[in-house]
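A short write-up of the structure that comes next.
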Amino acid sequence: MKTFFTQPIGQLGRQNSLGFIGINVVLLVVFFGELDISRGLGNLINFLWGFSLFSLILAGYYLVQDQVPNYWREASAILGGVIIVGTLIEISSPEYTLDNGGFAPMYFLWAFNSLIYVLTMRGTGIFRPIYEYLSIFGYISILGASGSTVFLDYTIPESIQPIFGLGWIAMVVGLGYGSYVAWGDKLSSSTD
């Protein structure tokens with residue numbers, strides 16, 4: 001157990017990239033399959049999603065630390081803290097779900113910061129271009145969906161919600177698998 005929690009950041013980043021993809025696949029199957037799952041299982045899946053995203057955000061700084069200023073480390077820690085605390089509040093208070101608009105600001109903040117992150121890293125060779133483009137499309141979709149709730153008190157009509165679903169899938173592939181590949185590239189080229 002100790003080795004799992006004290007492993008090098010690159011291995012942690014790669015494992016949580018796969019975990020993030022896996023949890024999102026489960027969430028898509030549950031959502032599109034309209035499966036009824038118990039509240040406890042739903043809370044566990046939500047926690048695992050938040051924890052894997054938290055870990056990806058924290059590991060992301062170390063992936064690009066040569067390309068960004070040092071204060072990005074603290075900013076990443078704060079953003080990761082917002083994600084994990086928001087996820088825990090969402091688990092403990094069901095009235096603060098995304099369906100009720102409760103955590104749209106958290107998703108907006110995350111997507112806005114992540115879009116800045118991807119645009120800053122664009123063309124540096126850290127992330128492969130296909131994952132950069134998928135992430136950009138995904139974050140813009142999340143910004144549109146959550147921003148309409150946060151700033152306009154507007155719910156996206158069901159007829160165009162599949163576009164935002166495609167954006168979510170693009171973000172999962174761009175962030176999840178893109179980070180996995182980027183960590184693999186960094187680990188294979190490192191001399192440590």
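Key figures
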| quantity | calculated |
| --- | --- |
| Total residues in the stretch 169-192, condition out of contact with any Leu (no Cβ under 8 Å at 6 or more places or on another chain) and either outside any helix (DSSP H, G or I) or at pLDDT below 90 (or both) | 8 |
| Enumeration of residues in the stretch 105-133 that are under 19 Å from Ala182 (Cα atoms), within 13 Å of the chain's Cα centre (by Cα) and hydrophobic (A, V, I, L, M, F, W, C) | Leu115, Val118 |
| Residue list for the stretch 8-52, filter: more than 20 Å from Ile169 (Cα to Cα) and either of a type in the set (Lys, Arg) or modelled with pLDDT of 80 or more (or both) | Pro8, Ile9, Gly10, Gln11, Leu12, Arg39, Gly40, Leu41, Asn43, Leu44 |
| Cβ pairs under 9 Å, 6+ apart, first in the stretch 7-21 and on the phi < 0 side of the Ramachandran plot and buried (at least 23 other Cβ atoms within 10 Å of the Cβ), second at pLDDT 95 or above and outside any helix (DSSP H, G or I) | none |
| Count of the stretch 142-162 residues which are in a helix (DSSP H, G or I) and either closer than 17 Å to Ala104 by Cβ or within 16 Å of the chain's Cα centre (by Cα) (or both) | 12 |
| Residue satisfying condition, being farther than 27 Å from Asp185 by Cβ and either part of a helix (DSSP H, G or I) or not small (Gly, Ala, Ser) (or both), within set Asn46, Asn24 | Asn46 |
| Residues being under 23 Å from Leu166 (Cα atoms), buried (at least 21 other Cβ atoms within 10 Å of the Cβ) and in contact with a Leu (Cβ under 7 Å, 6 or more places away or on another chain) - total across the stretch 22-67 | 3 |
| Condition broken by Tyr107, with the remaining ones in (1) at pLDDT below 90; (2) more than 18 Å from Leu143 (Cα to Cα) satisfied | (2) |
| Val150 vs. criteria under 28 Å from Tyr71 (Cβ atoms) and not small (Gly, Ala, Ser) | yes |
| Checklist (1) surrounded by fewer than 20 Cβ atoms within 10 Å (Cβ to Cβ); (2) out of contact with any Asp or Glu (no Cβ under 6 Å at 6 or more places or on another chain) applied to Ala145, failing item | (1) |
| Some residue of the stretch 82-100 being closer than 25 Å to Asn46 by Cα and part of a loop (DSSP other than H, G, I, E, B) | yes |
| The stretch 122-141, residues that are crowded, with 16+ Cβ neighbours inside 10 Å and outside any helix (DSSP H, G or I) | Ile126, Phe127 |
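The values are calculated or read from the model by the stated rules, or taken from the named source; none is laboratory data. In this text the structure is predicted, and so the values were computed from the model without any measurement. As a convention, Cβ positions derive from the backbone with ideal geometry for all residues, glycine included, and neighbour counts pool all protein chains shown.
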